[in-house]
Structure formats: structure tokens, C-alpha cells
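One structure is given here, and the rest of the page talks about it.
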Amino acid sequence: MSATVAGAPVAATASPASPAKLQLQLRAITCLADDICSFEFVDPEHKSLPQFTAGAHIDVHLPDGAIRQYSLCNDPTETHRYVVAVLRDPNGRGGSVAMHDALRAGMLVTVSAPRNHFELSDDATRYLFIGGGIGITPLMSMIAEVRARGQDFHLVYCTRSPQRTAFLRELQPLIASGHVTLHHDHGDPTQGVDLAALLRDVTPGTHVYYCGPNGFLDAIDRAVQHWPKGTTHCERFSAPAGEAIDTSADTAFEVELKRSQKTFTVPPGQSIVHVMQAHGMDIDVSCEEGYCGTCMTRYLEGEPIHRDSVLDEEDREEFVMICCSRAKSKKLVLDI
Ligand code: FES
């Protein structure tokens, strides 16, 4: 199977939910703040790129073979470029360091077509955005879209200091108009914004969108417990903290790959992806912990045990993350 959307065709992998891949040129790398750069990708032949919606991300295929997801931060009406912003984190899994250290302007880079697990709800009449550090990135595209629609919003943007605040210049007019509140904690967690107070009152019609480091998101999760179901929306860069999954009762099951006409047994302690890879299949994976969405796959029969933190109840009727999820039924049939 191969896919060509813009630029050169790139071989696609086995997962039917994998987005098409594009070979794009890294047009510019721009410093936005301390340790934060933006990366602007364009089609090498100046063709239009597949359109994206606010909150979407792309997978970037790094020179060492790693795949990392970064939220698009530019205006979704732009079809000539994709822009992501990345914090260089030497304590991360290596993707952000490779983005900063291995990529150079002018290089051709494989990226996926955009996907969106963090979409703006059409039910909202007002949006409350809360960004922690580099978690601002999807919120920037959301703000562009909400402003274009003429809808009401407010952004609470929490960073350590002005020097570590990306998009400060772009946001100045919105700070002046009262649409954005900046909060710096200067590296002291006790000086963080009072999230419980911010989220105490539920305003009918308001939807809350939040993104940032795990501790920040966990605190917001606690503060929005009393908000109505479906009005709070979170995107994470890593697996949520919480109780470890009990795998002691895991049992073997069969996975049938309908279109490939193959059936494998997935024993306890191994993932569907591991078993497929062991049989020579090429599967795109990144986090392997169920939070990035790279391995999302449609299933046709069977009952999954979902162990991801991306899919909502509706998505779970159709898709499964094959890096971490298992099956309750004896057999799980995948659309691969
Ligand atoms: S590889 Fe990230 S969700 Fe499966």
C-alpha cells in the first residue's frame, strides 16, 4: 500500500487508520523563547497541503527513525504550511532533542497528514483555554479558529517566566484586550495559578480545553470533576499518572488481520503490535503507551479491552490502540 497526498509518495504501513505520509521541506526553524523553536513545513513544490482543523497534530518522522507527534499551532485556514513548536527537553524521550539538534532548514522530512483527537466542540458558546508551557501549541490554532468564528474565549497561559513563553509577541494584543491572562510561577510550584478557583464556577455553554505537563493536567482534571460530561477536553504529551494497570488477569487471544488474511496469537505480556512486528509487519508506533494515537486501528469484530487515554466512548466503538489494548473476546478482527 502506498499513499501520495502532496510531495513525494512514501510507503505507508499496515495500520488502516494511519494517515497518509507527506514528504515536506522544513522551510524555517525560528526561536520563539528559551529552548522553544517553531518548525515550518511546506510542500517542496509549493502545492497546497491537506487542510487541518484546530487542535490537530502531525507525526514527524525523525532521522533516527523515531516518530513524534506535535500539535499544529498555525491558523487552520493556512493550507501552504504546517507549523509546530517544540520545547527542547533533555529529560524527554529524545524526540524534542532530535527536532532541535538534528533538523536543519531545507531538509526534506516525512510527516503525516494531520489528525485530530482534540477537536473544538460545536456545542460550546464560549471556550476557556488553559495552557501550561508548551501545551499552548494546540490552543494557538484553536484561538485562531474561534476568533475567525467570532466566538467568545479566554486563555489562561501559565509559564515559568517571560523568557520561557512562546508566542508572547503574537498574544500581546489579546493580553491587552483581556482575552488572555498570563501567569508566571518563576519555577515555584506554590506560585502556580489557582486552578480550583478558576474552575469552581461552571458557566453554561463554556467548554474547557487544557494541555500541558502531566502534573498541571492532573490538577485541572481534579478541578473540573463537577463540570458536565463532555464540556472538558484534555490533550496529554505522556501517559497520565494514576494507578498502574493490573495485567495479572490478561489472557491470550487471537488477532485476525482481515485484509492481510493472517491470524496470530497474542500471549499475555505482549502487545498486538509486538506480535505483528515479530511476524515481519511494519507498524507505525510512537509512545507505545496509548496516549499519542499513532497506532489507532479500526476493528471489525470482537470486544477490545481499551487501555489508551486518547479515544472517547464513541471512538472506542470503532477503533482500538493496538500498542496497549487487548481483547476480552477470544478473537479481535482488525481492518488491516
Ligand atoms: S503508539 Fe501511541 S497510542 Fe499506540
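The values are calculated or read from the model by the stated rules, or taken from the named source; none is laboratory data. Values in this document were obtained by computation on a predicted structure and should not be read as measured data. All Cβ positions, glycine included, derive from the backbone under ideal geometry; neighbour counts span all protein chains shown. Quick note on the areas: whole protein, heavy atoms, side chains included, nothing else; ligands and nucleic acids left out. Shrake-Rupley method; radii C 1.70, N 1.55, O 1.52, S 1.80 Å.
Do we have ASP59 as on the phi < 0 side of the Ramachandran plot, in contact with a strand residue (DSSP E or B) (Cβ under 9 Å, 6 or more places away or on another chain) and either not hydroxyl-bearing (Ser, Thr, Tyr) or not in a loop (DSSP other than H, G, I, E, B) (or both) here?
Values: on the phi < 0 side of the Ramachandran plot: yes; in contact with a strand residue (DSSP E or B) (Cβ under 9 Å, 6 or more places away or on another chain): yes; either not hydroxyl-bearing (Ser, Thr, Tyr) or not in a loop (DSSP other than H, G, I, E, B) (or both): yes.
Answer is yes for this residue.
Select from segment 287-314 the residues that are within 12 Å of the ligand (Cβ to nearest atom) and within 16 Å of ASN116 (Cα to Cα) and list them in ascending order. Quick ask: steps written out before the conclusion?
So in segment 287-314, the residues within 12 Å of the ligand (Cβ to nearest atom) come out as 287-297, 306-311.
Within segment 287-314, GLY290, TYR291, CYS292, GLY293, THR294, CYS295, MET296, THR297, ASP308, SER309, VAL310, LEU311 meet the criteria.
Does LYS262 fit the bill of being touching a Gly at 6+ places or on another chain (Cβ under 7 Å), modelled with pLDDT of 95 or more and among the basic types (Lys, Arg)? It would help to see each step written out before you state the result.
Numbers: touching a Gly at 6+ places or on another chain (Cβ under 7 Å): no; modelled with pLDDT of 95 or more: yes; among the basic types (Lys, Arg): yes.
Answer is no for this residue.
Identify, by number, the condition in (1) at pLDDT 95 or above; (2) buried (at least 19 other Cβ atoms within 10 Å of the Cβ); (3) not in a strand (DSSP E or B) that ALA17 doesn't meet.
Failing condition for ALA17: (1).
Got at least one residue in segment 299-313 being on the phi > 0 side of the Ramachandran plot and not assigned by TED's automatic domain parsing to the domain that holds ASN214? Let's see the steps before the verdict.
Filtering segment 299-313 for residues on the phi > 0 side of the Ramachandran plot gives 302.
Filter again for not assigned by TED's automatic domain parsing to the domain that holds ASN214, leaving 302.
Yes, because at least one residue in segment 299-313 is on the phi > 0 side of the Ramachandran plot and not assigned by TED's automatic domain parsing to the domain that holds ASN214.
Out of GLN277, GLN261, which single residue is within 16 Å of the ligand (Cβ to nearest atom), open to solvent by 20 Å² or more (accessible area, probe 1.4 Å) and over 30 Å from THR165 (Cα atoms)?
Exactly one residue qualifies, and that residue is GLN277.
Mind listing whichever residues of segment 264-274 are over 24 Å from SER112 (Cβ atoms) and without any contact (Cβ under 8 Å) to a residue 40 or more places away in the chain?
Residues of segment 264-274 over 24 Å from SER112 (Cβ atoms): 264-270.
Within segment 264-274, PHE264, THR265, PRO267, PRO268, GLY269, GLN270 qualify.
Being closer than 23 Å to ALA239 by Cα and exposed (fewer than 14 other Cβ atoms within 10 Å of the Cβ) is true for just one of ALA105, ALA196. Which residue is that? Break it down stepwise before answering.
Values: ALA105 fails: closer than 23 Å to ALA239 by Cα.
Answer to the check: ALA196.
Quick one: is GLY269 away from the ligand (no atom under 16 Å from the Cβ) and either open to solvent by 30 Å² or more (accessible area, probe 1.4 Å) or in a loop (DSSP other than H, G, I, E, B) (or both)?
Yes, satisfied.
Just the residues that are in contact with a strand residue (DSSP E or B) (Cβ under 6 Å, 6 or more places away or on another chain) and either surrounded by 14 or more Cβ atoms within 10 Å (Cβ to Cβ) or in the same structural domain as TYR291 (by TED's automatic domain parsing) (or both), please, taken from segment 114-134. Working first, answer last.
Our first condition is that a residue be in contact with a strand residue (DSSP E or B) (Cβ under 6 Å, 6 or more places away or on another chain); within segment 114-134, this holds for 114, 118, 121, 124, 126-134.
Residues satisfying the conditions are PRO114, PHE118, ALA124, ARG126, TYR127, LEU128, PHE129, ILE130, GLY131, GLY132, GLY133, ILE134.
Among what's in segment 315-326 and is within 9 Å of the ligand (Cβ to nearest atom) and in a loop (DSSP other than H, G, I, E, B), pick the residue that is farthest from the chain's Cα centre (by Cα). Before you say what the answer is, go through the steps one by one.
Looking only at segment 315-326, we keep the residues that are within 9 Å of the ligand (Cβ to nearest atom), and these are 321-325.
Now narrow it down to the ones that are in a loop (DSSP other than H, G, I, E, B): 322-325.
Values: ILE322: 17, CYS323: 16, CYS324: 17, SER325: 18 Å.
Top of the filtered list is SER325.
Given the criteria open to solvent by 40 Å² or more (accessible area, probe 1.4 Å) and of a type in the set (D, E, K, R), does ASP188 qualify?
On the way: open to solvent by 40 Å² or more (accessible area, probe 1.4 Å): yes; of a type in the set (D, E, K, R): yes.
Yes; evaluated as a whole, the condition is true for this residue.
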